[in-house]
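A short reminder: the numbers here are calculations on the coordinates, not readings from a lab. The structure presented is a predicted model; accordingly, all values stated were derived computationally and were not measured. Here Cβ is always computed from backbone atoms with ideal geometry, including for glycine, and neighbour counts include all displayed protein chains.
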Protein chains: 2
Amino acid sequence: MIKIIVDCFGGDHCPEAPVQGALAALASNPELYIILTGDEGILKQQLAGKDYDAARLEIVHAPQVIGCDEKPTDVIRLKRDSSMMKGIMMLRDRDDIAALVSTGSTGALVTGALVRIGRIPGIIRPAFCPLLPTMNGGIVGICDSGANVEVTSAHLRQFAIMSSLYLENVYGVSKPKVALLNVGKEAEKGDEVRQEAYKLLRETPSVNFVGNMESRDLLSGSYDVVVADGFSGNVLVKTTEGTALELLKKLKTEIYSRWLYKLGALFMKKMFKDLKAFMNYQNYGGSVLLGLSKTVVKGHGSSKAVAVEKCIEQAYKMEVSKLSGKIEAEIAKYEHYEE
Amino acid sequence: MIKIIVDCFGGDHCPEAPVQGALAALASNPELYIILTGDEGILKQQLAGKDYDAARLEIVHAPQVIGCDEKPTDVIRLKRDSSMMKGIMMLRDRDDIAALVSTGSTGALVTGALVRIGRIPGIIRPAFCPLLPTMNGGIVGICDSGANVEVTSAHLRQFAIMSSLYLENVYGVSKPKVALLNVGKEAEKGDEVRQEAYKLLRETPSVNFVGNMESRDLLSGSYDVVVADGFSGNVLVKTTEGTALELLKKLKTEIYSRWLYKLGALFMKKMFKDLKAFMNYQNYGGSVLLGLSKTVVKGHGSSKAVAVEKCIEQAYKMEVSKLSGKIEAEIAKYEHYEE
């Protein structure tokens, strides 16, 4: 049995989405045990009348609410009874609990997890690694996508090692092709950090480094992992999501603008539905925070039940694959950098 | 008469695209005089049999060729007789010439222009400002998109002033809404440079600063100008272009996969054509290099004739609007920073 905490008060659709996602995950995976954190009264209401295995579901009361504008450091200090911080503290303190899934504030989650849970020995900085679908039907991981706005080349190398192991062990990608996000393909492109990282990655046997990637090639399917600082990685992921969504919206508006187009679209109903599903990030799970000594998965703030379910599955797979131990073993092969 | 140099040996479709683009621009604008730089023999062959006003077209022989892997500094020193460097030197030396349009190497163009042509007084760093179409039928400028991989907050403020004047004077956008690219909307997001730039921009009366922008909102139409360091700005622009292209490709593949979809698509032929034109960056001109004492427009390496024609039009409009003088006057209002 693997125990996973689901923070039920954080995203745009809470607590419905986390609760329903948790129930769906429970139903499909008999090896799962779920702990919901949040206001007990409200959670009990949500569960009333639902069909689930009560022996594998538990509620832990955490009535405090985190405001949108609260500073992460304040959340850690003052909101110990919030659904997120309670989850983080339980994850730290209890050996029988494997992971935490949250759709709450990114800043609070990163800071809370870093300060309270801590890192895998040898890891300088944990980093996010969300996944996007590629045009050949695969996936690509982007690491980091927002946990560290400033990085060194040593950080980037660790991101490469961690995300490569993640894709290999959790998604079965053999020898993931790892690229460095840059403004051009040539080794001397970018700033000093990028130039150094290029050299370091070439000298890292654990990583199948294939060189620099220009951002326009992200979805090509030529890469399994792209390593970036958290600022430009964030731009990379959000621009891709934003462009895809805006284009879909535009396509819809155009179709509805003329009866002839609407007629044509009738023949293509399934295609448009598939395309929408393909581009819906909710179907690709959350952004795992690699490098923590325990598993934390951050779901999109707008996550619906299906996205939360995918996040729980991700957390489960990370635990089953013993990813943390593998990261620790691999990182230990390289010199240790001071922060 | 406004004289513009067109570098004919640089892009993927040279010399055909630059030559044909130049002829199209000449035909549509009687106020234009064009100087083609490149191998005279080849250019004469290209022009043979074409119908154009020979009194407004001139060839300047520049036989040297710039290789893909040549360092910009070597190009400046060793390739003075290349079509690009010859163009840059003529632009510098002759008062009667207004602008240069090139689809050649970005690095060589930036370095060559910076070293040989120089900056508008007061400008610390010139910056690229390409344009993208927004979903409400407008455009958005991104400044910088690759000329400066590292920046300070003072650079970002100048990018904001320059690109704002560009959108206002060349594209008639009144009081352009200027945003700062960041990983979140709140003032305290991002690194120190971003936090400082946020404060500086708020205190800059020449700029209608509307706050931070998350990259997923680029195409929303809510912003006219987005200010960024050249690294993340480059990621922003290329990810948008790349995602749009990949999705169009996917749409096409899907349509061709079933006869029913192909049938439906017949009704929507015009819509798909319009959509393709809308997303084709070739229709939005090039990336102007703002802050130089003379006008330089960089066309995409893959520019076809229509894209080169748009670049020439852009250069013409920049000259007619006396943009450089306006930038100089506006920058002079602020304290001068040392580089």
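See the values below:
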item: Shielding by partners - mean other protein chain Cβ count within 10 Å, residues of A:225-233; result: 4
item: For A:248-258, mean number of other protein chain Cβ atoms within 10 Å; result: 3
item: Cα-centred dipole magnitude for chain B, charges only on beta-carbon of K, R (+1) and D, E (-1), debye, nearest 20; result: 960
item: Karplus-derived 3J(HN,Hα), 6.51/-1.76/1.60, for each residue of the stretch B:159-174, Hz, glycine and proline x; result: 4, 5, 5, 5, 6, 5, 5, 4, 5, 6, 7, 9, 10, x, 7, 7
item: Gained length - B:LYS322 relative to B:ARG116, 0.36 nm times residue gap less alpha-carbon distance; result: 72.1 nm
item: The stretch A:161-205-the stretch B:174-214 distance, computed between alpha-carbon centres (Å); result: 31
item: Residues with amide H under 5 Å from that of A:ILE139, placed H, sequence gap 5 or more; result: A:THR134
item: For the protein assembly as shown, calculated [θ]222 nm from helices alone, where every DSSP H run of n ≥ 4 adds -39500 (n - 2.57); result: -13500 deg cm²/dmol
item: Per principal axis, descending, Cα span of the stretch B:127-284 in whole Å; result: 59, 31, 26
item: Semi-axis lengths, Å, the stretch B:194-315, gyration tensor of Cα atoms, sqrt of 5 times eigenvalues; result: 35, 20, 12
item: Label-to-label distance, nm, for residues given as B:ALA187 and A:TYR256 (7 Å Cα→Cβ offset); result: 3.8
item: Relative frequency of Cα-Cα separations exceeding 19 Å in the stretch A:5-149, percent; result: 56
item: Potential extension, B:GLU70-B:ARG56 segment - 0.36 nm per residue separation minus Cα distance; result: 1.7 nm
item: Inter-chain shielding of A:142-150 (mean C-beta neighbours from other protein chains, 10 Å cut-off); result: 2
item: Spacing of the two label points (7 Å from each Cα toward its C-beta) at A:ARG94 and B:ALA27, in nm; result: 7.6
item: The protein assembly as shown pair-distance distribution - Cα-Cα, 20 Å bins, rounded %; result: 18, 46, 29, 6, 0
item: The stretch A:182-276: chymotrypsin sites (Phe, Trp or Tyr not before Pro) in DSSP loop, at most 13 other beta carbons within 10 Å; result: none
item: Amide hydrogen neighbours beyond the local backbone of A:VAL288, cut-off 5 Å, H modeled; result: A:CYS129, A:LYS298
item: Where no second cysteine Cβ lies under 4.7 Å, the cysteines concerned in the protein assembly as shown; result: A:CYS8, A:CYS14, A:CYS68, A:CYS311, B:CYS8, B:CYS14, B:CYS68, B:CYS311
item: Share, in percent, of DSSP beta bridges within chain B that are antiparallel, nearest 5; result: 20
item: FRET efficiency, A:SER220 to A:ALA48 (Cβ-Cβ, R0 56 Å, nearest 0.05); result: 0.70
item: Hz values of 3J(HN,Hα) by residue in the stretch A:203-210 - Karplus curve (6.51, -1.76, 1.60), Gly and Pro given as x; result: 9, 10, x, 5, 10, 7, 7, 10
item: Considering only the stretch A:127-286, percent of DSSP beta bridges that pair antiparallel, nearest 5; result: 20
item: The stretch B:127-284: relative contact order in percent, alpha carbon pairs under 8 Å with at least 6 residues between; result: 30
item: Residue-by-residue Karplus 3J(HN,Hα) for the stretch A:255-264, coefficients 6.51, -1.76, 1.60, Hz, glycine and proline x; result: 4, 6, 7, 9, 5, 5, 5, 4, 4, x
item: Inter-part distance where the stretch A:264-339 and the stretch B:57-120 are each reduced to a Cα centre, Å; result: 48
item: At 7 Å out from Cα toward Cβ: A:ARG77 inter-copy label distances (nm, ascending); result: 5.7
item: Selection from B:MET268, B:TYR223, B:MET279 lying farthest towards where the dipole of the stretch B:127-284 points positive, charges on Cβ; result: B:MET268
item: Estimated dipole of the protein assembly as shown in Debye, rounded to 20 [Cβ of Lys and Arg +1, of Asp and Glu -1, Cα centre]; result: 1880
item: Spacing of the two label points (7 Å from each Cα toward its C-beta) at A:LEU266 and B:LYS270, in nm; result: 1.9
item: Residues of type lysines that A:LYS326 reaches as a straight line, Cα spacing below 16 Å, ignoring anything fewer than 8 places off in the same chain; result: A:LYS175, A:LYS294, A:LYS317
item: DSSP beta bridges in the protein assembly as shown [antiparallel fraction, %, rounded to 5]; result: 20
item: Fewest-first sequence of B:ASP96, A:ASP191 by Cβ atoms within 10 Å of each Cβ; result: B:ASP96, A:ASP191
item: Per-copy distances of the B:GLY137 label point, shortest first, in nm (7 angstrom along Cα→Cβ); result: 4.1
item: Top positive-direction residue, dipole computed over the protein assembly as shown with Cβ charges, set A:SER28, A:ALA315, B:ILE42; result: A:SER28
item: Teacher prompt: B:ASP96 distances to equivalent labels in other copies, 7 Å Cα→Cβ, nm; result: 9.1
